[in-house]
1. Mind listing whichever residues of segment 117-133 are in contact with a Lys or Arg (Cβ under 7 Å, 6 or more places away or on another chain) and either farther than 28 Å from Pro197 by Cβ or basic (Lys, Arg) (or both)?
2. Give me a count of the residues in segment 168-192 that are over 13 Å from Phe124 (Cβ atoms) and touching a strand residue (DSSP E or B) at 6+ places or on another chain (Cβ under 7 Å).
3. Take segment 78-108 and flag every residue that is under 16 Å from Val206 (Cβ atoms) and either assigned to a strand (DSSP E or B) or polar (S, T, N, Q) (or both).
4. Within the group Gln71, Gln52, Gln79, which residue is exposed (fewer than 13 other Cβ atoms within 10 Å of the Cβ) and at pLDDT below 95?
5. Look through segment 148-165, keep the residues that are of a type outside the set (Asp, Glu) and touching an Asp or Glu at 6+ places or on another chain (Cβ under 8 Å), and return whichever of them is surrounded by the fewest Cβ atoms within 10 Å (Cβ to Cβ).
6. Got at least one residue in segment 114-131 being without any contact (Cβ under 8 Å) to a residue 60 or more places away in the chain, under 15 Å from Glu96 (Cα atoms), in a loop (DSSP other than H, G, I, E, B) and not polar (S, T, N, Q)?
7. Return the residues of segment 166-212 that are among the aliphatic types (A, V, I, L, M) and exposed (fewer than 10 other Cβ atoms within 10 Å of the Cβ); say none if nothing qualifies.
8. Any residue in segment 173-197 that is among the hydroxyl-bearing types (Ser, Thr, Tyr) sitting within a Cβ distance under 6 Å of a residue that is buried (at least 19 other Cβ atoms within 10 Å of the Cβ)? List the pairs, counting only those 6 or more apart or interchain.
Amino acid sequence: MEQHIPGPYLTQELRFTITQALHFTGVLSLLWKCCRTSANCLAEQVLPRGMQSIEKFNPSDKGNTVVVLDQDTYNSEEQANYNRVLLGELSTLQYEVSGTLYAIDEETLFIKDFNYNGKGPDAFFYIGTEDEEPSEHGQIIRYPQDGSTGEPKILGAFNKQDITLHLTKGFKISSDLKWFSVWCRQYSADFGNVIVPKGLQIPEKVTPEPEPESSSEMVSHSSNLLYFTLTLALSTVLYFFS
């Protein structure tokens, strides 16, 4: 059947539905527009590798839009922080301690713009699960969390830094954590704290699924048929064929 020759388009969004079974991320590498008469290429777009995509898509569902994310962006900490839950502002008691404490999930704390002048003699991040207020009965959260063992490092100075703290596996912030403190172990002194509110709704920690061994392995699974809708914004007047 003869293909329809489109008319002019000026800064319009066009939607294409690929009707054949296609492993989009493993096979499709180039999208281009050409003139059939002169065999001239008018424009082209090379598709980046390593993209993540929705596994299956029903082309009859016209209300949906397929979003393709770069793998690094998808797995970044910024994405993880998107749904973080506010626990409170660190009180400034001594040594210029300040910052905003969040829970990213049930096992991960995040301090936004953490400030501490580092002049305390024996300060650590402390969490409490028993007493209602900061005390020596808390437990140290190591920082930096570099996998080292032995005596934890005393906190140095921080100037409006973002800090991520991973708690023990199985720990639940919403039910177990009562307070967070910058605590001086030597003098049993609280430099700044957050008393954690009760009844918080915090998402569970999600463990990412292991990635496939190779892109060729993904292509080999012919049972996973992908259908996609591509949306293109044209900034110039182009004639093309589908």
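The values are calculated or read from the model by the stated rules, or taken from the named source; none is laboratory data. Just so we're clear, the structure is a prediction, and the values are computed from it rather than from any experiment. Because the Cβ atoms are built from the backbone with ideal geometry, glycine has one as well, and the counts that use them run over all protein chains shown.
1. Within segment 117-133, just Asp122 meets the criteria.
2. Within segment 168-192, the subset over 13 Å from Phe124 (Cβ atoms) is 168-179.
Of the ones still in play, those that are also touching a strand residue (DSSP E or B) at 6+ places or on another chain (Cβ under 7 Å) are 173, 177-179.
Residues flagged as over 13 Å from Phe124 (Cβ atoms) and touching a strand residue (DSSP E or B) at 6+ places or on another chain (Cβ under 7 Å) within segment 168-192 amount to 4.
3. To start, the set of residues in segment 78-108 that are under 16 Å from Val206 (Cβ atoms) comprises 78-85, 103-108.
Gln79, Asn81, Asn83, Val85, Ala103, Ile104, Asp105, Thr108 - these are the residues of segment 78-108 that are under 16 Å from Val206 (Cβ atoms) and either assigned to a strand (DSSP E or B) or polar (S, T, N, Q) (or both).
4. Details: Gln71 fails: exposed (fewer than 13 other Cβ atoms within 10 Å of the Cβ); Gln52 fails: exposed (fewer than 13 other Cβ atoms within 10 Å of the Cβ).
Every option except Gln79 fails the conditions.
5. Narrowing segment 148-165 to residues of a type outside the set (Asp, Glu): 148-150, 152-161, 163-165.
Applying the additional criterion that residues be touching an Asp or Glu at 6+ places or on another chain (Cβ under 8 Å) yields 154, 160-161, 164.
Values: Ile154: 15, Lys160: 10, Gln161: 13, Thr164: 15.
Across segment 148-165, the extreme among qualifying residues is Lys160.
6. Scanning segment 114-131 turns up at least one residue that is without any contact (Cβ under 8 Å) to a residue 60 or more places away in the chain, under 15 Å from Glu96 (Cα atoms), in a loop (DSSP other than H, G, I, E, B) and not polar (S, T, N, Q).
7. Quick first cut of segment 166-212, residues among the aliphatic types (A, V, I, L, M) only: 167, 173, 177, 182, 189, 194-196, 200, 202, 206.
Matches in segment 166-212: Val206 only.
8. Short answer, once both residue conditions are applied: Ser174/Ile202; Ser181/Tyr126; Ser181/Pro134; Ser181/Asp190; Ser181/Asn193.
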